[in-house]
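Student: Below: one structure in structure tokens.
The values are calculated or read from the model by the stated rules, or taken from the named source; none is laboratory data. Just so it is clear, the model here is predicted, and its values are computed rather than measured. Neighbour counts are summed over all protein chains in view; Cβ atoms, including those assigned to glycine, are modelled from backbone coordinates with ideal geometry. For accessibility, only protein heavy atoms count, side chains too; no ligands or nucleic acids. Shrake-Rupley method; radii C 1.70, N 1.55, O 1.52, S 1.80 Å.
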Amino acid sequence: MLTQFASVLIVLAYSGGMTFVLLKLLSLVMPLRLGERHEGLGLDVTDHGEEAYTHGDGAILVKPKEFSMAGGRL
Amino acid sequence: MNNADIAWMLVATALVLLMTPALAFFYGGLVRSKNALNTMMMSFVALGPVAVVWALLGYSLAFAPGNPVIGSLAFAGLRGVGFEAQGAIPHLLFMCFQGALDFAGGAVVHVNAASAALVAALVVGPRKDYGRHAILPHNVPFVMLGAGLLWFGWFGFNAGSALSAGTTATLAFANTLLAPAATLATWTLIDLLRGGRVTAVPTACWAATPARC
């Protein structure tokens, strides 16, 4: 029981710490957040060019080049 | 090996695989409609590359004889993974079941994921709409559909983890039925006493989560 409790704490600390390090490293080469407009529009339109729900006209298709995947340009 | 064990493990593997699209519905319903497809694709798209990478490399690194930290490349490309017995079932089926578990996760995966998710949320920060207007689940029926399919899949996950059909699988099966049921019953009572009614989204969450071993 004590061993199980300790293993949970160790996993929490290890993966929490590693996640922090990996995110900080990742942030050196790419932004971790989308641009304001990108986030506001939602990822369905910007990253997939599709909508989940439509109103009789079919899903809209957005050409990929109108949006940057990393969100930096929006 | 006997055909009863093999038959149960074939079904259990398929049940566990269903949990990935189930999660897509569960999470997809919880987000706003503008992010529904993206959230569902996060889970759904993994079915392709994860299964291929698992078969070609991951299975070998996880299960081929190696040192205590990591396996070897002995099973890379499924070399030497055939119909010979691996416990009570064929080696190839063992590989498929473990691959399906890889999608769905387990006790270790969830502690790890919880910690990683908390740190990531703290580092990235709140959504720009947070505190400006309500951020609500866009499709509660999707959440309930996903929760129901997850519970169904947990039977394959938990009872299948016995890697054979027998008393261990039966015990896990009974727990998978009763643990979420007891949680669900307790939650509905708490919700009723707290707010005078039973709400759907938390009920679905409580039904989907406690079956995790």
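Student: If B:THR13 passes every condition in (1) surrounded by fewer than 15 Cβ atoms within 10 Å (Cβ to Cβ); (2) of a type in the set (Ser, Thr, Tyr); (3) in a helix (DSSP H, G or I) but one, which one does it miss?
Tutor: Only one criterion is unmet by B:THR13, namely (1).
Student: Name the residues in segment B:107-126 that are touching a Ser or Thr at 6+ places or on another chain (Cβ under 7 Å) and open to solvent by 50 Å² or more (accessible area, probe 1.4 Å), would you? Walk me through how you get there before you give the answer.
Tutor: Of segment B:107-126, the ones touching a Ser or Thr at 6+ places or on another chain (Cβ under 7 Å) are B:112, B:115-116, B:119-120.
Once the filter is applied, which keeps residues that are touching a Ser or Thr at 6+ places or on another chain (Cβ under 7 Å) and open to solvent by 50 Å² or more (accessible area, probe 1.4 Å), segment B:107-126 yields only B:ASN112.
Student: Does segment B:60-75 hold any residues that are at pLDDT 90 or above, surrounded by fewer than 17 Cβ atoms within 10 Å (Cβ to Cβ) and not in a loop (DSSP other than H, G, I, E, B), and which are they?
Tutor: Once the filter is applied, which keeps residues that are at pLDDT 90 or above, surrounded by fewer than 17 Cβ atoms within 10 Å (Cβ to Cβ) and not in a loop (DSSP other than H, G, I, E, B), segment B:60-75 yields only B:LEU61.
Student: Let me ask something additional. Tell me, please, whether a residue that is surrounded by fewer than 13 Cβ atoms within 10 Å (Cβ to Cβ) and either at pLDDT 85 or above or touching a Leu at 6+ places or on another chain (Cβ under 6 Å) (or both) can be found in segment A:44-55.
Tutor: So the first thing to find is which residues in segment A:44-55 are surrounded by fewer than 13 Cβ atoms within 10 Å (Cβ to Cβ), and the list is A:53-55.
Those still in the list that are either at pLDDT 85 or above or touching a Leu at 6+ places or on another chain (Cβ under 6 Å) (or both) too: A:53.
Yes, segment A:44-55 has at least one match.
Student: Return yes or no: is B:PHE94 at pLDDT 90 or above, part of a helix (DSSP H, G or I) and in contact with a strand residue (DSSP E or B) (Cβ under 7 Å, 6 or more places away or on another chain)?
Tutor: Numbers: at pLDDT 90 or above: yes; part of a helix (DSSP H, G or I): yes; in contact with a strand residue (DSSP E or B) (Cβ under 7 Å, 6 or more places away or on another chain): yes.
For B:PHE94, the condition - at pLDDT 90 or above, part of a helix (DSSP H, G or I) and in contact with a strand residue (DSSP E or B) (Cβ under 7 Å, 6 or more places away or on another chain) - is met.
Student: Let me ask you something else. State which residue pairs qualify: first residue more than 7 Å from every other protein chain (Cβ to nearest Cβ) and inside segment B:109-127, second residue modelled with pLDDT under 85 and open to solvent by 40 Å² or more (accessible area, probe 1.4 Å) in any location, beta carbons under 7 Å apart, and separation of 6 or more residues or different chains.
Tutor: Short answer, once both residue conditions are applied: B:HIS110/B:ARG212.
Student: Let me ask something else. When the residues of segment B:106-145 are narrowed to those that are of a type in the set (S, T, N, Q) and either at pLDDT 85 or above or not in a helix (DSSP H, G or I) (or both), which ends up farthest from A:ARG37 (Cα to Cα)?
Tutor: First pass over segment B:106-145, keeping only residues of a type in the set (S, T, N, Q): B:112, B:115, B:139.
Those left that are additionally either at pLDDT 85 or above or not in a helix (DSSP H, G or I) (or both): B:115, B:139.
On the way: B:SER115: 29, B:ASN139: 24 Å.
Filtering segment B:106-145 for residues that are of a type in the set (S, T, N, Q) and either at pLDDT 85 or above or not in a helix (DSSP H, G or I) (or both), the one farthest from A:ARG37 (Cα to Cα) comes out as B:SER115.
Student: Can you tell me which residue is farthest from B:LEU93 (Cα to Cα) among those in segment B:63-76 that are among the small types (Gly, Ala, Ser) and in contact with a Gly (Cβ under 6 Å, 6 or more places away or on another chain)? Even if it seems obvious, please write down each step before you answer.
Tutor: Going through segment B:63-76, the residues among the small types (Gly, Ala, Ser) turn out to be B:64, B:66, B:71-72, B:74, B:76.
Next, only the ones that are in contact with a Gly (Cβ under 6 Å, 6 or more places away or on another chain) stay: B:64, B:72.
On the way: B:ALA64: 15, B:SER72: 20 Å.
Restricting to residues being among the small types (Gly, Ala, Ser) and in contact with a Gly (Cβ under 6 Å, 6 or more places away or on another chain), the top hit is B:SER72.
Student: Follow-up. In segment B:44-59, which residues are surrounded by 15 or more Cβ atoms within 10 Å (Cβ to Cβ) and either touching a strand residue (DSSP E or B) at 6+ places or on another chain (Cβ under 7 Å) or within 14 Å of another protein chain (Cβ to nearest Cβ) (or both)?
Tutor: Listed by number, the list holds a single entry, B:PHE44.
Student: Report, by residue number, each residue of segment B:18-43 that is within 13 Å of chain A (Cβ to nearest Cβ) and small (Gly, Ala, Ser).
Tutor: Correct list: B:ALA24, B:GLY28, B:GLY29, B:SER33, B:ALA36.
Student: Select from segment B:128-156 the residues that are free of Cβ contacts under 8 Å to residues at least 40 places away in the same chain and at the interface with chain A (Cβ under 10 Å from one of its Cβ atoms) and list them in ascending order. Even if it seems obvious, please write down each step before you answer.
Tutor: Pass one, segment B:128-156, residues free of Cβ contacts under 8 Å to residues at least 40 places away in the same chain: B:128-134.
Residues satisfying the conditions are B:LYS128, B:ASP129.
Student: I'd like to check something: does segment B:85-99 contain any residue that is in contact with a Ser or Thr (Cβ under 7 Å, 6 or more places away or on another chain), of a type in the set (A, V, I, L, M, F, W, C) and closer than 21 Å to B:GLY28 by Cβ?
Tutor: No, that holds for no residue.
Student: In the set B:ALA159, B:ALA204, B:ALA172, B:ALA179, which member is touching a residue at least 12 places away in the same chain (Cβ under 8 Å) and touching a Pro at 6+ places or on another chain (Cβ under 6 Å)? Working first, answer last.
Tutor: Working: B:ALA159 fails: touching a Pro at 6+ places or on another chain (Cβ under 6 Å); B:ALA204 fails: touching a Pro at 6+ places or on another chain (Cβ under 6 Å); B:ALA172 fails: touching a Pro at 6+ places or on another chain (Cβ under 6 Å).
Only one candidate qualifies: B:ALA179.
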